[in-house]
Amino acid sequence: MESLEINAAYDPEVPEITVRCRGFITSANAGEFQAQVDALLEEYPGAKMTMDFDGIDGITSAGLRVLLHAKKINDRLRVINTSPVVYETFEVTGFSSLFSVSRQPRTVSVEGCEKIAQGAAGAIYRLDEDNIVKVFMPDESIHTIRLESETAGKAFLYGIPTAISFGTVRVGDCYGIQYEMIKAQSFASVLKGDPDNFDSHVKDYTALLRQLHTTKDRDGVFVSMKEIYHEAIDYSAKYFQEDEVKKFKALIDSIPDRDTLIHGDFHPGNIMASGDGLMLIDLTRMGVGHPIFDLFEMAASHINLATSTPEIAEAFLGIPPETIIRLWKETLKQYFPDKTEEEIARIEKQLMGYGRIANVIAPYIGQSLTEEQVLFYINEAKTHLVPIIDGLIGSVDW
Ligand SMILES: Nc1ncnc2c1ncn2[C@@H]1O[C@H](COP(=O)(O)OP(=O)(O)O)[C@@H](O)[C@H]1O
Ligand SMILES: [Mg+2]
(Lines give C-alpha, C1' and ligand atoms only; values in the text may rest on other atoms or scores of the structure.)
(Ligands and ions follow the chains in the order given, each with its own letter.)
Protein backbone atom coordinates (compact mmCIF):
# COMPACT_ATOMS: atom_id res chain seq x y z
CA MET A 1 0.00 0.00 0.00
CA GLU A 2 1.22 3.48 -0.86
CA SER A 3 1.94 5.48 2.24
CA LEU A 4 0.43 8.81 3.14
CA GLU A 5 1.54 10.95 6.06
CA ILE A 6 -0.54 13.84 7.29
CA ASN A 7 0.43 16.57 9.72
CA ALA A 8 -1.91 19.37 10.64
CA ALA A 9 -1.09 22.75 12.19
CA TYR A 10 -3.59 25.40 13.24
CA ASP A 11 -2.75 29.10 13.10
CA PRO A 12 -5.39 31.04 15.09
CA GLU A 13 -4.09 34.34 13.76
CA VAL A 14 -5.40 33.83 10.21
CA PRO A 15 -7.23 31.53 11.23
CA GLU A 16 -5.96 28.68 9.06
CA ILE A 17 -5.45 24.94 9.19
CA THR A 18 -2.44 23.82 7.21
CA VAL A 19 -2.49 20.14 6.32
CA ARG A 20 0.97 18.94 5.30
CA CYS A 21 0.74 15.84 3.19
CA ARG A 22 3.51 13.49 2.18
CA GLY A 23 3.39 10.39 -0.01
CA PHE A 24 0.89 9.18 -2.60
CA ILE A 25 -2.88 9.63 -2.28
CA THR A 26 -4.71 6.63 -3.73
CA SER A 27 -7.94 4.69 -3.21
CA ALA A 28 -6.05 2.63 -0.60
CA ASN A 29 -5.59 5.58 1.76
CA ALA A 30 -8.24 8.07 0.58
CA GLY A 31 -10.68 6.88 3.26
CA GLU A 32 -8.21 7.58 6.04
CA PHE A 33 -7.32 10.93 4.41
CA GLN A 34 -10.98 11.94 4.33
CA ALA A 35 -11.53 10.93 7.97
CA GLN A 36 -8.64 13.13 9.08
CA VAL A 37 -9.74 16.06 6.95
CA ASP A 38 -13.31 15.77 8.22
CA ALA A 39 -12.10 15.76 11.82
CA LEU A 40 -10.10 18.96 11.21
CA LEU A 41 -12.99 20.69 9.46
CA GLU A 42 -15.19 19.85 12.40
CA GLU A 43 -12.65 20.99 14.98
CA TYR A 44 -11.94 24.36 13.30
CA PRO A 45 -15.12 25.46 11.54
CA GLY A 46 -14.70 28.65 9.51
CA ALA A 47 -10.90 28.46 9.36
CA LYS A 48 -9.19 28.58 5.99
CA MET A 49 -7.89 25.16 4.93
CA THR A 50 -4.60 24.92 3.11
CA MET A 51 -3.36 21.58 1.80
CA ASP A 52 0.40 21.72 1.55
CA PHE A 53 1.22 19.13 -1.11
CA ASP A 54 4.95 19.70 -1.03
CA GLY A 55 5.62 16.05 -0.19
CA ILE A 56 2.92 14.59 -2.43
CA ASP A 57 4.30 12.50 -5.30
CA GLY A 58 0.97 11.69 -6.91
CA ILE A 59 -2.81 11.70 -6.46
CA THR A 60 -5.48 9.47 -7.99
CA SER A 61 -9.18 10.19 -8.58
CA ALA A 62 -10.03 8.88 -5.11
CA GLY A 63 -7.76 11.54 -3.60
CA LEU A 64 -9.24 14.28 -5.77
CA ARG A 65 -12.72 13.28 -4.61
CA VAL A 66 -11.64 13.85 -1.00
CA LEU A 67 -10.63 17.39 -1.93
CA LEU A 68 -13.92 17.96 -3.72
CA HIS A 69 -15.79 16.75 -0.65
CA ALA A 70 -13.72 19.01 1.64
CA LYS A 71 -14.27 21.98 -0.66
CA LYS A 72 -18.05 21.51 -0.30
CA ILE A 73 -17.69 21.89 3.46
CA ASN A 74 -15.01 24.56 3.36
CA ASP A 75 -15.17 26.86 0.39
CA ARG A 76 -11.79 28.36 1.26
CA LEU A 77 -9.85 25.18 0.61
CA ARG A 78 -6.65 25.62 -1.38
CA VAL A 79 -3.81 23.42 -2.43
CA ILE A 80 -0.26 24.75 -2.46
CA ASN A 81 3.22 23.52 -3.34
CA THR A 82 2.19 20.95 -5.93
CA SER A 83 5.00 19.23 -7.83
CA PRO A 84 4.96 19.51 -11.65
CA VAL A 85 3.42 16.02 -11.97
CA VAL A 86 0.71 16.65 -9.39
CA TYR A 87 -0.04 20.08 -10.83
CA GLU A 88 -0.56 18.45 -14.20
CA THR A 89 -3.09 16.04 -12.66
CA PHE A 90 -5.06 19.06 -11.41
CA GLU A 91 -4.80 20.65 -14.84
CA VAL A 92 -5.91 17.68 -16.96
CA THR A 93 -8.84 16.88 -14.68
CA GLY A 94 -9.99 20.50 -14.65
CA PHE A 95 -9.60 20.55 -10.86
CA SER A 96 -7.29 23.55 -11.12
CA SER A 97 -10.34 25.61 -12.07
CA LEU A 98 -12.29 24.36 -9.03
CA PHE A 99 -9.67 25.16 -6.40
CA SER A 100 -6.91 27.58 -5.94
CA VAL A 101 -3.94 25.35 -6.78
CA SER A 102 -0.39 26.62 -6.83
CA ARG A 103 2.93 25.06 -7.72
CA GLN A 104 6.04 24.54 -5.66
CA PRO A 105 8.07 27.72 -5.52
CA ARG A 106 11.34 27.95 -7.37
CA THR A 107 14.44 27.25 -5.34
CA VAL A 108 17.11 29.91 -5.09
CA SER A 109 20.37 29.88 -3.23
CA VAL A 110 21.75 32.85 -1.34
CA GLU A 111 25.13 31.25 -0.79
CA GLY A 112 27.82 33.83 -1.40
CA CYS A 113 25.22 36.61 -1.83
CA GLU A 114 25.62 39.90 -0.02
CA LYS A 115 23.23 40.35 2.91
CA ILE A 116 21.99 43.92 2.56
CA ALA A 117 19.63 44.17 5.48
CA GLN A 118 18.31 42.30 8.48
CA GLY A 119 14.73 43.17 9.37
CA ALA A 120 12.38 41.84 11.99
CA ALA A 121 10.73 39.48 9.53
CA GLY A 122 13.87 38.16 7.90
CA ALA A 123 17.01 38.98 5.97
CA ILE A 124 17.43 40.63 2.58
CA TYR A 125 20.07 39.25 0.19
CA ARG A 126 21.18 40.66 -3.09
CA LEU A 127 20.78 37.85 -5.63
CA ASP A 128 22.27 39.69 -8.57
CA GLU A 129 22.38 43.14 -10.14
CA ASP A 130 18.57 43.40 -10.44
CA ASN A 131 17.10 41.11 -7.81
CA ILE A 132 16.93 40.73 -4.08
CA VAL A 133 15.38 37.99 -2.01
CA LYS A 134 13.68 38.56 1.31
CA VAL A 135 14.24 35.36 3.31
CA PHE A 136 11.77 34.88 6.14
CA MET A 137 12.32 33.12 9.44
CA PRO A 138 11.86 29.33 9.12
CA ASP A 139 8.70 29.39 11.25
CA GLU A 140 6.94 32.07 9.16
CA SER A 141 3.85 30.61 7.50
CA ILE A 142 3.85 30.29 3.73
CA HIS A 143 0.40 31.87 3.82
CA THR A 144 1.73 35.14 5.27
CA ILE A 145 4.63 35.18 2.83
CA ARG A 146 2.44 34.53 -0.17
CA LEU A 147 0.13 37.29 1.03
CA GLU A 148 2.99 39.80 1.11
CA SER A 149 4.03 38.77 -2.38
CA GLU A 150 0.48 39.00 -3.74
CA THR A 151 -0.10 42.31 -1.99
CA ALA A 152 2.98 43.78 -3.64
CA GLY A 153 1.69 42.65 -7.04
CA LYS A 154 -1.76 44.11 -6.51
CA ALA A 155 -0.44 47.42 -5.19
CA PHE A 156 1.84 47.65 -8.21
CA LEU A 157 -1.17 47.16 -10.50
CA TYR A 158 -2.95 50.02 -8.76
CA GLY A 159 -0.03 52.27 -9.65
CA ILE A 160 1.63 52.37 -6.23
CA PRO A 161 5.39 52.81 -6.71
CA THR A 162 6.76 49.59 -5.27
CA ALA A 163 9.22 46.84 -6.25
CA ILE A 164 7.93 44.16 -8.62
CA SER A 165 7.46 40.85 -6.82
CA PHE A 166 8.63 37.77 -8.70
CA GLY A 167 6.78 35.49 -6.32
CA THR A 168 7.64 33.17 -3.48
CA VAL A 169 10.82 31.12 -3.64
CA ARG A 170 12.38 28.47 -1.49
CA VAL A 171 15.71 29.18 0.16
CA GLY A 172 16.98 26.12 2.03
CA ASP A 173 14.52 25.43 4.86
CA CYS A 174 12.93 28.87 4.54
CA TYR A 175 10.62 30.61 2.16
CA GLY A 176 11.33 33.95 0.62
CA ILE A 177 10.09 36.47 -1.90
CA GLN A 178 12.12 37.57 -4.86
CA TYR A 179 11.79 41.27 -5.57
CA GLU A 180 13.15 43.65 -8.11
CA MET A 181 16.14 45.40 -6.54
CA ILE A 182 15.38 49.05 -6.01
CA LYS A 183 18.54 50.99 -6.69
CA ALA A 184 18.05 53.63 -4.10
CA GLN A 185 18.91 54.72 -0.62
CA SER A 186 16.42 54.61 2.20
CA PHE A 187 14.33 57.69 2.84
CA ALA A 188 15.76 57.68 6.36
CA SER A 189 19.26 58.31 4.98
CA VAL A 190 17.96 61.04 2.68
CA LEU A 191 16.48 62.87 5.67
CA LYS A 192 19.71 62.48 7.62
CA GLY A 193 21.99 63.33 4.71
CA ASP A 194 20.19 66.39 3.37
CA PRO A 195 18.75 68.31 6.34
CA ASP A 196 18.70 71.60 4.36
CA ASN A 197 15.91 70.33 2.12
CA PHE A 198 13.98 68.66 4.91
CA ASP A 199 10.56 70.20 4.18
CA SER A 200 10.82 69.43 0.50
CA HIS A 201 11.61 65.75 1.25
CA VAL A 202 8.65 65.62 3.61
CA LYS A 203 6.54 66.94 0.74
CA ASP A 204 7.41 63.81 -1.28
CA TYR A 205 6.78 61.64 1.78
CA THR A 206 3.35 63.17 2.33
CA ALA A 207 2.51 62.99 -1.39
CA LEU A 208 3.21 59.25 -1.34
CA LEU A 209 0.99 58.84 1.70
CA ARG A 210 -1.76 60.82 0.00
CA GLN A 211 -1.39 58.75 -3.16
CA LEU A 212 -2.18 55.66 -1.11
CA HIS A 213 -5.09 57.36 0.58
CA THR A 214 -6.65 58.39 -2.74
CA THR A 215 -6.12 55.03 -4.48
CA LYS A 216 -9.33 53.04 -4.43
CA ASP A 217 -9.25 49.28 -4.03
CA ARG A 218 -11.45 49.04 -7.11
CA ASP A 219 -11.25 45.24 -7.35
CA GLY A 220 -11.87 44.73 -3.65
CA VAL A 221 -8.72 42.65 -3.21
CA PHE A 222 -7.38 44.08 0.03
CA VAL A 223 -8.51 43.11 3.49
CA SER A 224 -10.32 45.69 5.61
CA MET A 225 -8.20 47.34 8.31
CA LYS A 226 -11.13 46.97 10.69
CA GLU A 227 -10.99 43.22 10.20
CA ILE A 228 -7.23 43.16 10.84
CA TYR A 229 -7.65 45.18 14.05
CA HIS A 230 -10.49 42.98 15.27
CA GLU A 231 -8.30 39.94 14.82
CA ALA A 232 -5.37 41.65 16.53
CA ILE A 233 -7.51 42.81 19.47
CA ASP A 234 -8.88 39.29 19.92
CA TYR A 235 -5.31 38.03 20.01
CA SER A 236 -4.60 40.27 23.03
CA ALA A 237 -7.99 39.79 24.69
CA LYS A 238 -6.59 37.58 27.45
CA TYR A 239 -4.59 40.50 28.86
CA PHE A 240 -7.62 42.78 29.28
CA GLN A 241 -11.00 42.88 30.93
CA GLU A 242 -14.01 42.08 28.81
CA ASP A 243 -15.35 45.64 28.78
CA GLU A 244 -11.92 46.99 27.79
CA VAL A 245 -11.84 44.63 24.81
CA LYS A 246 -15.34 45.76 23.85
CA LYS A 247 -14.24 49.39 23.93
CA PHE A 248 -11.13 48.75 21.82
CA LYS A 249 -13.39 47.22 19.20
CA ALA A 250 -15.90 50.06 19.48
CA LEU A 251 -13.06 52.50 18.94
CA ILE A 252 -12.11 50.76 15.68
CA ASP A 253 -15.74 50.27 14.58
CA SER A 254 -16.55 53.96 15.05
CA ILE A 255 -14.06 54.96 12.32
CA PRO A 256 -15.89 55.93 9.11
CA ASP A 257 -15.52 53.38 6.27
CA ARG A 258 -13.39 54.13 3.19
CA ASP A 259 -12.31 52.04 0.21
CA THR A 260 -8.83 53.50 -0.22
CA LEU A 261 -5.45 51.92 0.54
CA ILE A 262 -3.57 51.84 3.83
CA HIS A 263 0.08 50.83 4.06
CA GLY A 264 -0.12 49.92 7.74
CA ASP A 265 3.57 50.46 8.48
CA PHE A 266 4.42 53.78 6.83
CA HIS A 267 7.76 55.10 8.07
CA PRO A 268 11.11 56.25 6.60
CA GLY A 269 12.62 52.75 6.90
CA ASN A 270 9.98 51.36 4.52
CA ILE A 271 10.46 54.00 1.85
CA MET A 272 13.29 54.20 -0.63
CA ALA A 273 14.37 57.27 -2.54
CA SER A 274 15.29 56.43 -6.12
CA GLY A 275 16.00 58.70 -9.06
CA ASP A 276 12.34 58.27 -10.11
CA GLY A 277 10.98 59.38 -6.75
CA LEU A 278 9.97 57.57 -3.59
CA MET A 279 9.16 53.86 -3.62
CA LEU A 280 7.19 52.04 -0.97
CA ILE A 281 8.31 48.62 0.31
CA ASP A 282 7.28 46.13 3.00
CA LEU A 283 3.59 45.89 2.16
CA THR A 284 2.80 43.06 4.59
CA ARG A 285 0.15 45.01 6.42
CA MET A 286 -1.51 46.73 3.48
CA GLY A 287 -5.28 46.97 3.66
CA VAL A 288 -8.27 49.17 3.03
CA GLY A 289 -9.83 51.77 5.26
CA HIS A 290 -10.02 55.35 6.47
CA PRO A 291 -6.64 57.17 6.28
CA ILE A 292 -6.64 57.45 10.06
CA PHE A 293 -5.42 53.84 10.16
CA ASP A 294 -2.09 54.94 8.68
CA LEU A 295 -1.98 58.25 10.51
CA PHE A 296 -2.62 56.89 13.99
CA GLU A 297 -0.18 54.05 13.38
CA MET A 298 2.35 56.73 12.41
CA ALA A 299 1.52 58.72 15.53
CA ALA A 300 2.36 55.54 17.45
CA SER A 301 5.55 54.63 15.57
CA HIS A 302 6.77 58.21 15.21
CA ILE A 303 5.72 60.18 18.28
CA ASN A 304 4.58 57.83 21.00
CA LEU A 305 7.61 55.60 20.42
CA ALA A 306 10.11 58.46 20.04
CA THR A 307 9.04 59.86 23.39
CA SER A 308 8.62 56.60 25.37
CA THR A 309 11.53 54.52 24.00
CA PRO A 310 13.74 56.76 21.80
CA GLU A 311 16.38 54.08 21.14
CA ILE A 312 13.77 51.60 19.82
CA ALA A 313 12.25 54.36 17.67
CA GLU A 314 15.63 55.17 16.15
CA ALA A 315 16.44 51.52 15.43
CA PHE A 316 13.03 51.05 13.87
CA LEU A 317 12.72 54.20 11.76
CA GLY A 318 16.39 54.78 11.04
CA ILE A 319 16.43 58.43 12.16
CA PRO A 320 17.14 60.04 15.54
CA PRO A 321 14.17 60.95 17.79
CA GLU A 322 14.36 64.71 17.18
CA THR A 323 14.23 64.11 13.40
CA ILE A 324 11.27 61.74 13.87
CA ILE A 325 9.36 64.44 15.76
CA ARG A 326 10.20 67.08 13.16
CA LEU A 327 9.13 64.71 10.37
CA TRP A 328 5.83 63.98 12.08
CA LYS A 329 4.95 67.65 12.69
CA GLU A 330 5.78 68.62 9.10
CA THR A 331 3.91 65.61 7.70
CA LEU A 332 0.74 66.60 9.55
CA LYS A 333 1.01 70.20 8.33
CA GLN A 334 1.41 69.11 4.73
CA TYR A 335 -1.17 66.32 4.92
CA PHE A 336 -3.86 68.77 6.08
CA PRO A 337 -3.03 71.92 4.06
CA ASP A 338 -6.52 73.42 4.52
CA LYS A 339 -6.72 73.00 8.27
CA THR A 340 -5.83 75.66 10.82
CA GLU A 341 -3.16 75.11 13.44
CA GLU A 342 -5.84 74.54 16.08
CA GLU A 343 -7.61 71.96 13.95
CA ILE A 344 -4.35 70.17 13.29
CA ALA A 345 -3.54 70.20 17.00
CA ARG A 346 -6.92 68.60 17.71
CA ILE A 347 -6.37 65.92 15.06
CA GLU A 348 -2.87 65.27 16.35
CA LYS A 349 -4.21 64.69 19.84
CA GLN A 350 -6.83 62.34 18.42
CA LEU A 351 -4.20 60.43 16.40
CA MET A 352 -1.95 60.05 19.41
CA GLY A 353 -4.88 58.74 21.43
CA TYR A 354 -5.88 56.30 18.70
CA GLY A 355 -2.22 55.39 18.26
CA ARG A 356 -2.28 53.84 21.74
CA ILE A 357 -4.18 50.93 20.22
CA ALA A 358 -0.72 49.93 18.90
CA ASN A 359 0.11 48.98 22.49
CA VAL A 360 -2.98 46.76 22.59
CA ILE A 361 -2.07 44.89 19.41
CA ALA A 362 1.70 44.74 20.05
CA PRO A 363 1.57 41.00 20.93
CA TYR A 364 -0.08 40.28 17.55
CA ILE A 365 2.35 42.40 15.52
CA GLY A 366 5.47 41.30 17.38
CA GLN A 367 4.87 37.64 17.98
CA SER A 368 8.46 37.09 19.04
CA LEU A 369 8.23 39.61 21.90
CA THR A 370 9.18 38.32 25.35
CA GLU A 371 6.45 38.09 27.99
CA GLU A 372 8.09 41.02 29.77
CA GLN A 373 7.91 43.21 26.64
CA VAL A 374 4.30 42.18 26.05
CA LEU A 375 3.36 43.14 29.60
CA PHE A 376 5.08 46.50 29.14
CA TYR A 377 2.92 47.32 26.09
CA ILE A 378 -0.26 46.04 27.75
CA ASN A 379 0.47 48.25 30.74
CA GLU A 380 1.03 51.23 28.40
CA ALA A 381 -2.41 50.59 26.89
CA LYS A 382 -4.03 50.37 30.31
CA THR A 383 -2.34 53.58 31.44
CA HIS A 384 -2.71 55.72 28.33
CA LEU A 385 -5.65 54.41 26.31
CA VAL A 386 -8.23 53.02 28.72
CA PRO A 387 -8.70 56.33 30.64
CA ILE A 388 -9.33 58.39 27.45
CA ILE A 389 -11.10 55.86 25.26
CA ASP A 390 -14.69 57.04 25.88
CA GLY A 391 -13.80 60.47 24.55
CA LEU A 392 -12.14 59.01 21.47
CA ILE A 393 -14.89 56.61 20.35
CA GLY A 394 -16.81 58.20 17.48
CA SER A 395 -14.59 61.27 17.34
CA VAL A 396 -13.34 60.89 13.73
CA ASP A 397 -15.20 63.53 11.71
CA TRP A 398 -12.79 64.14 8.82
N1 LIG B 1 13.23 45.70 -3.34
C2 LIG B 1 14.25 46.14 -2.58
N3 LIG B 1 15.34 46.71 -3.15
C4 LIG B 1 16.36 47.14 -2.40
N5 LIG B 1 16.43 47.05 -1.06
C6 LIG B 1 15.37 46.49 -0.42
C7 LIG B 1 14.23 46.02 -1.14
N8 LIG B 1 13.37 45.51 -0.25
C9 LIG B 1 13.93 45.67 0.97
N10 LIG B 1 15.14 46.26 0.89
C11 LIG B 1 16.04 46.60 2.00
O12 LIG B 1 15.82 45.71 3.08
C13 LIG B 1 15.32 46.40 4.23
C14 LIG B 1 14.26 45.56 4.95
O15 LIG B 1 13.21 45.25 4.06
P16 LIG B 1 11.69 45.21 4.52
O17 LIG B 1 10.88 44.68 3.39
O18 LIG B 1 11.30 46.54 5.08
O19 LIG B 1 11.77 44.09 5.65
P20 LIG B 1 11.18 44.03 7.15
O21 LIG B 1 9.83 43.40 7.02
O22 LIG B 1 12.14 43.16 7.83
O23 LIG B 1 11.11 45.45 7.70
C24 LIG B 1 14.78 47.71 3.70
O25 LIG B 1 14.80 48.73 4.65
C26 LIG B 1 15.72 47.98 2.54
O27 LIG B 1 16.94 48.55 2.99
MG1 LIG C 1 10.44 47.20 6.92
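The values are calculated or read from the model by the stated rules, or taken from the named source; none is laboratory data. Owing to the predicted nature of the structure, the values given are computational and were not obtained by experimental measurement. For neighbour counting, all protein chains shown are included, and Cβ atoms are generated from backbone atoms with ideal geometry for every residue, glycine included. Keep in mind that these areas ignore ligands, DNA and RNA; they rest on the heavy atoms of the full protein, side chains included. Shrake-Rupley method; radii C 1.70, N 1.55, O 1.52, S 1.80 Å.
With a/c under 1.5 counting as rounded, go ahead and sort segment 204-338 into rounded, prolate or oblate using the C-alpha gyration tensor (a ≥ b ≥ c being the square roots of the eigenvalues; past the cut-off, prolate if a/b is larger than b/c, else oblate). Walk me through the numbers before you get to the answer.
Numbers: a/c = 1.87, a/b = 1.23, b/c = 1.52.
The shape class here is oblate.
When Lys and Arg each count +1 and Asp and Glu each count -1, what net charge do the other residues less than 11 Å away from G58, Cβ to Cβ, add up to? Mind dumping the intermediate values first?
Working: positive: none; negative: E2, D57, E88.
Overall, the nearby charge balance is -3.
Per residue of segment 129-134, what does 6.51 cos²θ - 1.76 cosθ + 1.60 with θ = phi - 60° give for ³J(HN,Hα)? Whole Hz please, x for Gly and Pro, Karplus curve as stated.
Result, rounded to whole Hz: 3, 10, 9, 10, 10, 9.
Check M51: other-chain or 5+ apart residues with amide H under 5 Å from its amide H, H built from backbone geometry?
Under 5 Å from the amide H of M51: V19, R78, V79, I80.
Residue separation times 0.36 nm, minus the C-alpha to C-alpha distance between V14 and D397: what's the value?
134.7 nm
Along the Cα→Cβ direction, 7 angstrom out, place labels at A62 and H230. What is the inter-label distance in nm?
4.2
Show the residues, 5+ positions off or on another chain, whose built amide H is closer than 5 Å to the amide H of I164.
E180
Between K216 and I116, what is 0.36 nm times their sequence separation minus the Cα-Cα distance? Round to one decimal in nm. Intermediate results must be reported in sequence, preceding the final value.
Numbers: separation 100, 0.36 × 100 = 36.00 nm, distance 3.34 nm.
That pair, K216 and I116, stretches by 32.7 nm at full extension.
Going from most exposed to least, what order do I312, I281 have by accessible area with a 1.4 Å probe?
Values: I312 75, I281 45 Å².
In descending accessible area the options line up as I312, I281.
Ordered by residue, what ³J(HN,Hα) values in Hz, to whole numbers, does segment 342-350 give under the Karplus form 6.51 cos²θ - 1.76 cosθ + 1.60, where θ = phi - 60° and Gly and Pro are x?
Per-residue couplings from phi come out as 5, 5, 5, 4, 5, 5, 4, 4, 4 Hz.
For helix 142-157, report the angle its Cα long axis makes with the longest principal axis of the Cα atoms of the chain; keep it between 0 and 90° and round to the nearest 10°.
Tilt relative to the chain: about 60 degrees.
As an exercise, find the ratio Rg/Rh for the chain from alpha-carbon atoms, using the Kirkwood inverse-distance average for Rh. Let's see the in-between values first.
Numbers: Rg = 23.0 Å, Rh = 23.0 Å.
Here Rg/Rh amounts to 1.00.
Arrange the peptides 257-269, 187-199 so that the one whose residues have, on average, the most other Cβ atoms within 10 Å appears first.
Working: 257-269: 20.8, 187-199: 15.8.
Descending mean neighbour count gives 257-269, 187-199.
Over 32 Å between C-alpha atoms is what I'm after, so list which of K115/K333; K134/K247; K71/K226 land there.
Working: K115/K333 38 Å; K134/K247 38 Å; K71/K226 28 Å.
Cα-Cα > 32 Å for K115/K333; K134/K247; rest within.
I need the phi-derived Karplus couplings for segment 19-30: 6.51 cos²θ - 1.76 cosθ + 1.60, θ = phi - 60°, integer Hz, Gly and Pro marked x.
9, 8, 10, 9, x, 10, 9, 10, 4, 5, 10, 4
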